[in-house]
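A short worksheet on the structure shown next.
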Amino acid sequence: MKAIRIHRFGGSEVLELDDVPVPQPRENELLIRVHAASVNPVDYKIRRGTVPWVTREMLPITLGRDLSGTVESAGAGVDAFRQGEAIYGMLGSIDRGSYAEYVVVKLNEASPKPARLSHIEAAAVPLAALTAWQGLFDHGHLDAGKTVLMHGGSGGVGHFAIQFAKVKDATVLTTASGQNLDFVRELGADKAIDYQSQRFEEIARDVDLVLDLVAGETQERSWSVLKPGGILVSALGEPPPEKARQRGARAVGFRAHPNSGQLAEIGRLIEQGKVRPVVMGTYPLAEARQAHERLERGHVRGKIVIVVAE
Ligand SMILES: NC(=O)c1ccc[n+]([C@@H]2O[C@H](COP(=O)([O-])OP(=O)(O)OC[C@H]3O[C@@H](n4cnc5c(N)ncnc54)[C@H](OP(=O)(O)O)[C@@H]3O)[C@@H](O)[C@H]2O)c1
């Protein structure tokens, strides 16, 4: 089968279209014929060699963390899925990648694909939506009536986070670049703040939760908008605990993990028309380099998807 692998770290030129053996599913695993895989920042960070848990000794590896496809075959112990069934999922380990014609997924990584979505749309969901869900609810404990400030509302994770927070009846403030303000408002944001021309800390006050998808100086300036007892949840490493203490707030860094139950719940919201993935552009598998370059240029609305099979 064809797969996009890296044999060394570097720019988009290190993405190679290789011929590799089709993997075999073991107990409680499914072999999936991949129809589409989305591109996440972690993919280009792995490719660049800046993700600490992916080292040179592990190469070559196939890139790609999430997918939509159909069940080709199943290992022992699988009775929840039938051959030909459409599923979507997020891979939990780096020994497998979805920029490939086939991939093995574990049962706790997959859920039935929402019927109203194409494979291209469904592939845009798993990693980004699970990150938004786990950040807002597992770590941020967001509830009805609370206020959240999200940094990066127009990107892959942020565009789901806005919609999930609105489903919970929270108030949503989000930062975005000027060209994406209308987009985040359409998704439901109550206030859209242009991070290029406005200072969010002069607009946001007493928020219960900051969902940080940007880090750096943006995170640094975010402490002042939290109410006492509020929480800053970052998808980009552990925020400094002394900053949280000074503010009388809490801080948590997290890494998203596969969760088939949450993916099923997200699927139900999609089926009910309450949440939708936005796909800004697609590229065929052989053009994975261009897909990476597009995401790395920034200002993407929603997701970029790699189409593996029509
Ligand atoms: N911990 C985890 O498990 C986990 C999981 C998923 C993602 N992440 C990380 O979270 C980050 C976001 O992921 P993603 O998939 O949403 O990426 P993405 O699709 O590339 O979106 C990035 C977003 O950041 C916005 N942005 C850039 N600079 C900003 C600034 N100074 N202030 C406010 N917003 C700014 C961009 O907005 P404009 O386009 O409007 O400029 C864009 O919406 C990435 O660094 C990714 O690696 C971590």
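Region 211-280: Rg/Rh from Cα coordinates, Kirkwood Rh?
Values: Rg = 15.7 Å, Rh = 14.1 Å.
We get a ratio of 1.11 for region 211-280.
Shape of region 1-140 from its Cα gyration tensor (a ≥ b ≥ c, root eigenvalues): rounded if a/c is under 1.5, otherwise prolate when a/b > b/c, or oblate? Each step should come with its number before you reach the end.
On the way: a/c = 1.72, a/b = 1.24, b/c = 1.39.
Cα axes put region 1-140 in the oblate bin.
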Checklist entry - Between region 65-137 and region 187-242, what is the C-alpha centre distance in whole Å? => result 31
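Using just the Cα positions, wrap the chain in a convex hull and report its mean projected area in square nanometres, one decimal place. Don't skip to the answer; put the middle values down first.
Working: hull surface 61.1 nm².
Projected over every direction and averaged, the Cα hull of the chain covers 15.3 nm².
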Next on the checklist: Test of the criteria: in region 1-33, which GluC sites (Glu not before Pro) are in a DSSP loop and have at most 12 other Cβ atoms within 10 angstrom of their Cβ?
Outcome noted: GLU27
Item to check | Rounded to whole Hz, the Karplus (6.51, -1.76, 1.60) HN-Hα couplings of region 17-30, x for glycine and proline | outcome: 8, 10, 9, 9, x, 6, x, 10, x, 9, 4, 6, 10, 10
Item to check | Net charge, GLY77 excluded, C-beta distance under 13 Å - Lys, Arg +1, Asp, Glu -1 | outcome: -1
Checklist entry - Spin-label point model (7 Å from Cα, Cβ direction): what's the SER197 to SER118 distance in nm? => result 3.4
Checklist entry - Under 14 Å from a point 7 Å along the Cα-to-Cβ line of MET1: which residues of region 25-40 have their amide N that close? => result 25-26, 29-37
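Select from region 1-109 those chymotrypsin sites (Phe, Trp or Tyr not before Pro) which occupy a DSSP coil region and have at most 16 other Cβ atoms within 10 Å, ordered by residue number. Let's see the in-between values first.
Details: sites: PHE9, TYR44, TRP53, PHE81, TYR88, TYR99, TYR102; in loops: PHE9, TRP53, PHE81, TYR99.
Within region 1-109, the qualifying chymotrypsin sites (Phe, Trp or Tyr not before Pro) (loop, at most 16 other Cβ atoms within 10 Å) are PHE9, TRP53.
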Item to check | Summed residue charge, Cβ within 14 Å of HIS151's Cβ, Lys/Arg positive, Asp/Glu negative | outcome: -2
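Within region 176-225, report the trypsin sites (Lys or Arg not before Pro) that DSSP leaves as loop and that have at most 15 other Cβ atoms within 10 Å. Each step should come with its number before you reach the end.
Values: sites: ARG185, LYS191, ARG199, ARG205, ARG221; in loops: ARG199, ARG205, ARG221.
Qualifying residues, ordered by number: ARG199, ARG205, ARG221.
Given a cut-off of under 8 Å on Cα pairs at least six residues apart, what relative contact order in percent is computed for region 98-184?
On the way: 84 pairs, mean separation 21.2, N = 87.
Rounded, it is 24 percent for region 98-184.
How much accessible area per residue does region 34-175 have, in Å², with a 1.4 Å probe?
Details: 4670 Å² over 142 residues.
Spelled out: the 1.4 Å probe surface of region 34-175, per residue, equals 33 Å².
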Item to check | Extent along principal axes [Cα atoms of region 171-242; Å; largest to smallest] | outcome: 36, 21, 20
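How much length would be gained if the chain were fully extended between LYS274 and LEU59, taking 0.36 nm per residue of separation minus their Cα-Cα distance, in nm to one decimal? It would help to have the intermediate numbers written out before the result.
Numbers: separation 215, 0.36 × 215 = 77.40 nm, distance 4.06 nm.
Length gained, LYS274 through LEU59: 73.3 nm.
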Checklist entry - Stretched out fully, how many nm does the piece from SER93 to HIS299 gain, at 0.36 nm a residue minus the Cα gap? => result 71.3 nm
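The values are calculated or read from the model by the stated rules, or taken from the named source; none is laboratory data. Since the model is a prediction, treat every value here as computed from it, not as a measurement. Backbone-built Cβ (ideal geometry, glycine too); neighbour counts: all protein chains shown. All accessible areas refer to the heavy atoms of the entire protein, side chains included, with ligands and DNA or RNA removed. Shrake-Rupley method; radii C 1.70, N 1.55, O 1.52, S 1.80 Å.
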